[in-house]
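A short worksheet on the structure shown next.
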Amino acid sequence: MSHHLFILSPSDTPIYSLTHSSSKPVTSVSSPLASNLPTWSTSAFAGTLTALSGASSASNHTASGGVRMGGGQDRHVIQMIANASLDAVEDVMRKENTMYLKSVDKFNEWTVSAFITPGNTKFLLLHEGKNDDGIKSFFTDVWELYVKTMLNPFHTAHTLIKSPVFDTRVRQSAKKYL
Amino acid sequence: MAYSQPQHPRLSVLSNSSASSVDHLSPTGSATRFSLPPTVPTSPRPAGVRPNIYDRNITKPRVLDVSGAAFSFMFAEIVSYTQKRVAGINDLERRLNTLGYRVGMRVLELMTWRAEYTSKAPKREIRLLPALMSIQTQVWRAVFGKPADGIQKSVENADEYMIIDNDPSIERHISVPKDMKQLSCSSFTAGIVEAVLDGLGFPARVTAHNTPSAEHPTKTTILIKLEKSVLDREEIIKQ
């Protein structure tokens, strides 16, 4: 089961992203649309289409659990889901005053959880299973790391976070909680 | 390492032997005359390795005070540096505002983190009035060590709020020349306020104005002019 983290600046440009595959078992969510779908294999957009319909998770798992081509694990599809969830996030963040917004959006097998810092930077996490406490702890860790990044006078709200130390720390935290 | 360095390059200048000879030469012979602490690091780092921000502790330190003299000096330099590069007073105020904005962004994040990181469900401020109150108390306390002296709503315009500081500490050692009377160096503070409001989702234009009174000759008003969208939203939430 994999997780995708995006950090978005206040103007919604991505400044950091991370893909994390965890070894913990998935509590899989079945998608009803998937089974009713025709095969799209001839289409040039096969990957995207099957992914958006949710078919991938049903058909594309290889026996070895290795590479999953196409399907819901495609990079551009993930980005699209993350971007699409921003609408939901913005709706919720106007009404809720907590920073951690759990499961704000759902798309096929993906659930999107978000964390809004006081300075309006958004952390988005795409995940498959349900793991509220773990995700909250993970976001709290990322928040501390982000505040430390912010304190650097050379960092503005819109600069990409390229620090290898930041990356390592986020990965460590992901390994621990996700 | 491509080249070898002496063990402690920094210390070579102030090695123990030379420090003691300074002591010897000084008329009183007491080390306390020198404000520099004895430079003997407890855990020497290997040369070339710098401390990393991610290893540092950012929780609230026990001693919060920054030297007022040092800050006044730095702020004076900031103002005079900026003044050499601008066309007029408006431009100068705008630039001070921009500098303050950069500070405000960080103040907001750090202040909230310190207040909320232990909490089970960290909160953001989403209502306007509590946000303004927290600027008057918490932001001021974090930046200047004391709450602001007042906050008022404008009578004429519904979208204007004013934060009042009777004696802004950043202006304490600045006297503005007569021909630049409208200049308020608190534009820097206005920038901080603007960044905090922006971050919390209340975009506004914030400016600083001198409003001297008999008992407070340096009294300054920070004027907040909110964007229309903010007021519209407040109306919707109220219903």
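The values are calculated or read from the model by the stated rules, or taken from the named source; none is laboratory data. Not measured: the values here are computed from a predicted model. Positions of Cβ are backbone-derived with ideal geometry, glycine not excepted, and every protein chain shown enters the neighbour counts. Calculation scope for accessible area: heavy atoms of the full protein, side chains included, ligands and nucleic acids excluded. Shrake-Rupley method; radii C 1.70, N 1.55, O 1.52, S 1.80 Å.
State all residues of the stretch A:112-128 that are over 22 Å from B:VAL196 (Cβ atoms) and open to solvent by 10 Å² or more (accessible area, probe 1.4 Å); if no residue qualifies, say none.
Initial filter on the stretch A:112-128 (over 22 Å from B:VAL196 (Cβ atoms)): A:112-113, A:124-128.
Within the stretch A:112-128, just A:GLU128 meets the criteria.
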The stretch B:194-207 residues that are open to solvent by 30 Å² or more (accessible area, probe 1.4 Å), paired with ones that are of a type in the set (A, V, I, L, M) (beta carbon under 6 Å, 6 or more apart): B:GLU194/B:VAL206; B:THR207/B:ALA190; B:THR207/B:LEU223
Which one is least open to solvent (accessible area, probe 1.4 Å), of the residues in the stretch A:153-168 that are at the interface with another protein chain (Cβ under 7 Å from one of its Cβ atoms) and modelled with pLDDT of 90 or more? A:PHE166
Out of (1) outside any loop (DSSP other than H, G, I, E, B); (2) farther than 23 Å from B:ALA131 by Cβ; (3) without any contact (Cβ under 8 Å) to a residue 40 or more places away in the chain, the odd one out for A:ALA174 is which? (3)
So, of the residues in the stretch A:92-111 that are within 14 Å of chain B (Cβ to nearest Cβ) and not in a strand (DSSP E or B), which turns out to be least open to solvent (accessible area, probe 1.4 Å)? A:MET99
Can you confirm whether A:PHE166 is in a helix (DSSP H, G or I) and closer than 17 Å to A:SER2 by Cα? no
Right, B:LYS146: in a loop (DSSP other than H, G, I, E, B), within 29 Å of A:GLU96 (Cβ to Cβ) and either within 14 Å of chain A (Cβ to nearest Cβ) or without any contact (Cβ under 8 Å) to a residue 40 or more places away in the chain (or both) or not? no
Out of the residues in the stretch B:78-90 that are of a type in the set (A, V, I, L, M) and surrounded by 10 or more Cβ atoms within 10 Å (Cβ to Cβ), which is nearest to A:VAL147 (Cα to Cα)? B:ILE78
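What number of residues in the stretch A:112-136 are within 14 Å of chain B (Cβ to nearest Cβ) and of a type in the set (A, V, I, L, M)? Write out each step before concluding.
The initial filter retains those residues of the stretch A:112-136 that are within 14 Å of chain B (Cβ to nearest Cβ), namely A:113-123, A:132-133, A:135-136.
This time we only want the ones that are of a type in the set (A, V, I, L, M), so: A:114, A:116, A:135.
Selection size over the stretch A:112-136: 3.
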Matching residues in the stretch B:107-139 - criterion: being farther than 20 Å from A:ALA157 by Cβ, more than 11 Å from chain A (Cβ to nearest Cβ) and touching a residue at least 12 places away in the same chain (Cβ under 8 Å): B:LEU128, B:LEU132, B:MET133, B:GLN136, B:GLN138
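Return the residues of the stretch B:130-165 that are among the charged types (D, E, K, R), open to solvent by less than 40 Å² (accessible area, probe 1.4 Å) and closer than 23 Å to B:ARG106 by Cα; say none if nothing qualifies.
First pass over the stretch B:130-165, keeping only residues among the charged types (D, E, K, R): B:141, B:146, B:149, B:153, B:156, B:159-160, B:165.
Narrowing the set further to residues that are open to solvent by less than 40 Å² (accessible area, probe 1.4 Å) leaves B:159-160, B:165.
Listed by number, the list holds a single entry, B:ASP165.
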Considering each of B:LYS238, B:LYS219, B:LYS178 in turn, give the residue that is farther than 28 Å from B:GLY68 by Cα and either in contact (Cβ under 8 Å) with a residue 24 or more places away in the chain or of a type outside the set (Phe, Trp, Tyr) (or both). B:LYS238
Whether any residue in the stretch B:89-106 is within 14 Å of another protein chain (Cβ to nearest Cβ), closer than 29 Å to A:LYS102 by Cβ and in contact with a strand residue (DSSP E or B) (Cβ under 8 Å, 6 or more places away or on another chain) is what I want to check. no
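Against the condition assigned to a helix (DSSP H, G or I) and either in the same structural domain as A:THR159 (by TED's automatic domain parsing) or buried (at least 20 other Cβ atoms within 10 Å of the Cβ) (or both), how does A:ALA82 come out, does it pass?
Values: assigned to a helix (DSSP H, G or I): yes; either in the same structural domain as A:THR159 (by TED's automatic domain parsing) or buried (at least 20 other Cβ atoms within 10 Å of the Cβ) (or both): yes.
Judged against the criteria, A:ALA82 is a match.
Every residue, every condition in (1) part of a helix (DSSP H, G or I); (2) without any contact (Cβ under 8 Å) to a residue 60 or more places away in the chain; (3) surrounded by 10 or more Cβ atoms within 10 Å (Cβ to Cβ), yes or no:
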position: B:TYR54; (1), (2), (3): yes, yes, yes
position: B:ILE58; (1), (2), (3): no, yes, yes
position: B:VAL63; (1), (2), (3): no, yes, no
position: B:ALA69; (1), (2), (3): yes, yes, no
position: B:ALA76; (1), (2), (3): yes, no, yes
position: B:LEU92; (1), (2), (3): yes, no, yes
